[in-house]
Amino acid sequence: MLSLKSLTKTYRTGDKALVSVDIDIPNGQVVALIGPSGAGKSTLIRCINRLVEPTSGQVLLDDVDVTALSSSGLRRERRRMGMIFQEYALVERLTVMENVLSGRLGYVGFWRSFLRKYPQSDIDEAFRLLDRVGLLAMADKRADELSGGQRQRVGICRALIQNPALLLVDEPTASLDPKTSRQIMRLICELCQERGLAAIINIHDVALAQMFVQRVIGLQSGAIRFDGPPDGLSPDV
Ligand code: ADP
Ligand code: ADP
């Protein structure tokens, strides 16, 4: 369970990006975060793992107060938050397998992965994940040989191999065609259900969100303007 309590971010410039946001997301639930550009969506996602430091309020992940952690505690807790990015953020000259395994270190100690010999259990898990997303045959291909949809599947495996409690997903389909976008959204939602993961997906394509998620949160000027099932959304959101 992820709980945001009165989460507030005022940038040094005076921009009030988040104003006392309260959100609870139970395990297994996928929430789509929508809203116009500048609404605070990226700030919200980044405050959860403290890539952006909240000005006040709390982030609780399974009752751990992420906002109160020291840097070593934060490093540990970030391992429980898988991230999926718009531009995939793969290492192009590494193989699919190596990219997936790099997730075992998280983005903090990423470059150490080149020096590390992985335990067989990690390798087995990477194969299982690649099989689940339909990329088993591509394990030895270099990342730069893949299509956009295949890259995002690798990104999903890399996020999941750290066995997170939460997925933070930033515009996962913004670089993909409509059909591939639907496949990727379906895959992310299915995996969250299978694994009991809470997820928050920053997505500007409202129609796509409506197709796959049961809950949409609409942000505007840093505050929640809508929170409910997508069929309750008015067309002008
Ligand atoms: P969204 O992701 O919904 O487009 P953002 O979270 O990126 O919204 O931005 C929310 C508000 O905070 C905007 O007014 C934006 O200009 C401002 N903002 C974002 N990042 C910074 C920053 N690093 N410094 C100052 N203001 C920022
Ligand atoms: P994205 O929206 O693709 O996540 P960024 O994270 O780079 O883009 O920036 C988020 C928003 O914050 C943008 O709208 C950008 O204009 C704004 N922003 C970033 N840095 C600053 C800053 N130092 N001052 C004001 N606004 C900023």
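The values are calculated or read from the model by the stated rules, or taken from the named source; none is laboratory data. Remember, it's a predicted structure, so these values are computed and weren't measured experimentally. Neighbour counts run over all protein chains shown; Cβ positions are idealised from the backbone, glycine included.
A few remarks follow.
- Residue among 88, 11 that alone is within 16 Å of ligand 2 (Cβ to nearest atom), within 30 Å of residue 142 (Cβ to Cβ) and of a type in the set (Ser, Thr, Tyr): 88
- Filter pass, residue 66 being more than 17 Å from residue 166 (Cβ to Cβ), in contact (Cβ under 8 Å) with a residue 12 or more places away in the chain and away from ligand 2 (no atom under 16 Å from the Cβ): no
- Note on segment 146-237: enclosed strands (runs of 3 or more DSSP E) holding 1 or more residues that are closer than 15 Å to residue 34 by Cα and within 16 Å of ligand 2 (Cβ to nearest atom) are 166-170, 198-202, 215-220.
- Checking each residue in segment 10-37 for being in contact (Cβ under 8 Å) with a residue 40 or more places away in the chain and either on the phi > 0 side of the Ramachandran plot or acidic (Asp, Glu) (or both) picks out 20, 22, 28, 35.
- For beta carbons closer than 8 Å, sequence separation of 6+ or different chains, a first residue in segment 123-142 that is in a strand (DSSP E or B) and a second that is among the hydrophobic types (A, V, I, L, M, F, W, C), the qualifying pairs are 142/94; 142/96.
- The condition (being more than 15 Å from the chain's Cα centre (by Cα), crowded, with 16+ Cβ neighbours inside 10 Å and modelled with pLDDT of 95 or more) is satisfied by just one residue among 2, 18: 18.
- Between 123, 156, 188, the distinction of being in contact with a Pro (Cβ under 8 Å, 6 or more places away or on another chain) and not small (Gly, Ala, Ser) belongs to 188 only.
- Given (1) under 22 Å from residue 175 (Cβ atoms); (2) assigned to a helix (DSSP H, G or I); (3) away from ligand 2 (no atom under 16 Å from the Cβ), index of the condition residue 42 fails: (3)
- Among residues that are β-branched (Val, Ile, Thr), touching a strand residue (DSSP E or B) at 6+ places or on another chain (Cβ under 7 Å) and surrounded by fewer than 21 Cβ atoms within 10 Å (Cβ to Cβ), residue 34 is not included.
- Of all residues in segment 84-109, those that are surrounded by fewer than 21 Cβ atoms within 10 Å (Cβ to Cβ) and of a type in the set (Val, Ile, Thr) have Cβ atoms under 9 Å from Cβ atoms of residues that are part of a strand (DSSP E or B) and modelled with pLDDT of 85 or more, 6 or more apart or on another chain, in 95/142.
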